[in-house]
Amino acid sequence: VAPGGSCNLSLCHYVTLEHRSDPQYLAAIHEIDPVQELEKSITEWQHWYENVPEAYQLSKIGDLRARRIVEGALSVLRVNQCSDGGIIAHSTYYLEGYVRDAALALRGLAATGHFAESKKWLAWMDRDLAVVHHLNDSWPCGSPLPPGIEDPASDPYTLDVEEPAYVLICAREY
């Protein structure tokens, strides 16, 4: 960048998979228009906040500070959902999605008119339940478990009695 000039750039994280080479990934990253991606993201977030029934609109919260607190809390809850539906239990350790934390986060989303996340999470729980045949306290996010294979990081004997209740509460709220 020339002195006094400016530019836009993106910080990109990527994982290499067998079907693409590093040069292919890097070429795709170089094609990203950061301004266009930011505009798409802002539009998508605005649509997400507004795409709820009238009774749930954030504009109903008269106090600006309170409205911003709720808006911020909703964004934290939403961005902690993994692409496959699991809710990330801890922002600095993103492997595990905990049933308790997810159910409580999804109650917050449902209480504000956002139900798609609950549907996605319930489908995610159903997939994992079909693999290990019980509800565990945590599941790995972002990587489907092959049928008949349990995740070694997940204790198959942790049959915490509250887990089915959390799933049923989330299903009821949904």
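The values are calculated or read from the model by the stated rules, or taken from the named source; none is laboratory data. In this text the structure is predicted, and so the values were computed from the model without any measurement. Heads up, the Cβs are rebuilt from the backbone with ideal geometry, glycines too, and the neighbour counts pull from every protein chain shown. Heavy atoms of the whole protein, side chains included, go into the accessibility calculation; ligands, DNA and RNA do not. Shrake-Rupley method; radii C 1.70, N 1.55, O 1.52, S 1.80 Å.
What do you reckon, how do TYR14, TYR174, TYR25 stack up by accessible area (1.4 Å probe), largest on top?
Final ranking, largest accessible area leading: TYR174, TYR14, TYR25.
With every protein chain left in place and a probe of 1.4 Å, what is the accessible surface of HIS90, to the nearest 10 Å²?
Only protein atoms counted, so the area is about 100 Å².
Show me the GluC sites (Glu not before Pro) within region 30-84 that DSSP assigns to loop and that have at most 14 other Cβ atoms within 10 Å of their Cβ.
Sparse-neighbourhood loop GluC sites (Glu not before Pro): GLU31.
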